[in-house]
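**Student:** Here it is, the structure, as structure tokens.
We did not get these values from a lab; they are worked out from the coordinates using the rules stated. Computed from a prediction, not measured in an experiment: that's the story for all the values here. Cβ coordinates were reconstructed from backbone atoms using ideal geometry, including for glycine residues, and neighbour counts include every protein chain displayed.
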Amino acid sequence: MRILFVASLHHPDVLEEAKRNAPPGEDPIFPPSQGQYFWVKALRKLGHTCGVFWRSESAMPWAKQRQLHMTQRLTPGRAVSAVMARVPTLNPDYRLRNRHLLDEAAAFQPDVIVLPGDNSVILPDTLAELKRQHNATLVYGCGTSPIVFSRPVERAAAPLIDLVIANDYYHAIQWRELGAKRVVALPMSAIDPAFHHPYELTDQEQAEYGCDVSFVGTLVPDNLYGERIAALEALADFNLGIWSVHEVPSSLKRFYRGPALGEQMLRVTCGGKIALNPHGDFMRYGGNMRLFEACGVGAFQIVDDRPGVHEWFRVDEHLVTYRDPAHLRKLVAYYLDHESERAQIAAAGRRHVREQHTYDQRMTRLVELINEIRASGSKR
């Protein structure tokens, strides 16, 4: 199949580095800091052709792609983005991007169009036209709640979507209620054993990344990550290290050690004795990228107790879960004093994800679902 991703590029500098360092014959179209990098790698191994249209790239020649940086402060850019998200048809740049997508699709001739979530640019009329022109199956991959995060264009396009892949079971229900034709609760995240493996750190890296408890991820806005912030604040008297490409709340700034993406993020995870992974408040079932990646690099992981964690892992064998900040403190103190138990659980977690949660397995299942839809004709 010919699969066209219509996506946002969050880390353009990481993509450029990946292109420079790619082995001969490989042509990455996503940065390894985005999960779609591994989707494409696995899909290509299965024999499919993949391309990408950057919906986040301005069609105006003077505009420059910027690195995504989340903040709680009201900035002119955020204000403009909020207005454009509500009335995207009034944005001449957005209209031009939609036209360019139709042109690129005409050249690429996709059988499948994949839209990763948080689409505020591509209009429902454009998606309908793509399906009409190419008889293409429309797949939407979303790792966040459509009730909390979706934009008006996403909700309006829901009835056009042939298949939604949602890592959180509750998000899947929400997409079904919005009118998507078929929704499957399947984690979009997994591991690539060639990338997600234990990293041997240099002395300098160990000095930079070494800590009792490490956290890598987003912490703003606080109304969406309050439970995550509370968990970290409860560990303020431990040797805590925080890495994020986004803004960090003032209560946690003294623990902030800088940004971490791609391979550096994995090296950071290897540097801590405990990898802490609280989900965002909106992810009640669980299944973020770090859940699988931390196990993949052989880290000992403590994660908040979510139903999906019990579905995909054996708790206390592959990882450990906590109920609340007080319980988390007790677990951290206990496992810092029991290194052999940490090592045993971390090793079992790594074996488990290598056997059960690889991107090759995820994409094999995704292709099966797409073939079922195309064979049944239910996408029409």
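**Student:** Would you mind computing the Rg to Rh ratio of segment 213-267 from its alpha-carbon coordinates, Kirkwood style for Rh?
**Tutor:** 0.94
**Student:** Could you work out the relative contact order of segment 250-349? I mean the mean sequence separation of Cα pairs under 8 Å and 6+ apart, divided by the number of residues, in percent.
**Tutor:** It rounds to 25 percent for segment 250-349.
**Student:** Same structure, new question: Using just the helices of the chain, give the 222 nm mean residue ellipticity in deg cm²/dmol: DSSP H runs with n ≥ 4 each add -39,500 (n - 2.57), and the total is spread over all residues, rounded to 500.
**Tutor:** -13500 deg cm²/dmol
**Student:** Given that compact globular proteins tend to follow 2.2 N^0.38 Å, what is the ratio of the alpha-carbon Rg of segment 338-380 to that value?
**Tutor:** 1.96
**Student:** Given a cut-off of under 8 Å on Cα pairs at least six residues apart, what relative contact order in percent is computed for the chain?
**Tutor:** So the answer I get is 15 percent.
**Student:** Moving to a separate point now. For segment 203-356, take every pair of Cα atoms, bin their distances at 5 Å starting from 0, and report each bin as a whole percent.
**Tutor:** 2, 10, 21, 24, 23, 14, 5, 1, 0
**Student:** Hey, which of these cross-link pairs are over 23 Å Cα-Cα: LYS45/LYS181; LYS41/LYS181; LYS253/LYS273; LYS45/LYS273; LYS45/LYS131?
**Tutor:** LYS45/LYS181; LYS41/LYS181; LYS45/LYS273; LYS45/LYS131
**Student:** By average Cβ neighbour count within 10 Å, what is the ranking of 334-340, 272-278 from highest down?
**Tutor:** Most protected by this proxy first, the peptides run 272-278, 334-340.
**Student:** Here's another thing I want to ask about it. Expressed as a whole number of Å, what is the distance separating the alpha-carbon centroids of segment 264-307 and segment 158-173?
**Tutor:** Value for the Cα centre distance between the two parts: 23 Å.
**Student:** Pop the C-beta distance of THR218 and ARG44 into the FRET formula with R0 = 35 Å and round what comes out to the nearest 0.05.
**Tutor:** For THR218 and ARG44, the calculated efficiency is 0.75.
**Student:** Moving on. Going by average Cβ neighbours within 10 Å, how do the peptides 296-303, 349-356 rank, with the highest at the top?
**Tutor:** Ranked by mean Cβ neighbours within 10 Å, highest first: 296-303, 349-356.
**Student:** Looking at ALA234, THR321, VAL309, which one has the Cα that reaches farthest to the positive end of the dipole of the chain (charges on Cβ: Lys, Arg +1; Asp, Glu -1)?
**Tutor:** Of the listed residues, the answer is VAL309.
**Student:** Now, a different point. What helices in the chain pass both tests, a Cα length along the helix axis of 18 Å or more and a mean Kyte hydropathy of 0.5 or higher, using whole DSSP H runs?
**Tutor:** Span-like helices, by this rule, are absent here.
**Student:** Pull out a ≥ b ≥ c, the square roots of the eigenvalues of the alpha-carbon gyration tensor of segment 2-44, then state rounded if a/c is under 1.5, prolate if not and a/b is larger than b/c, and oblate in the remaining case.
**Tutor:** oblate
**Student:** Hey, got a sec? Which trypsin sites (Lys or Arg not before Pro) in segment 225-257 land in a DSSP loop and have at most 14 other Cβ atoms within 10 Å?
**Tutor:** Loop-located and lightly packed - none at all.
**Student:** When 1/r is averaged over all different Cα pairs and the result inverted, which Kirkwood radius in Å belongs to segment 189-243?
**Tutor:** Radius from the Kirkwood sum: 13.5 Å.
**Student:** In addition: What is the Cα radius of gyration of the chain over 2.2 N^0.38 Å, N being its residue count?
**Tutor:** Output field value: 0.99.
**Student:** If you don't mind, another one. Among 32-40, 317-325, what's the highest-first ranking by average C-beta atoms within 10 angstrom per residue?
**Tutor:** 32-40, 317-325
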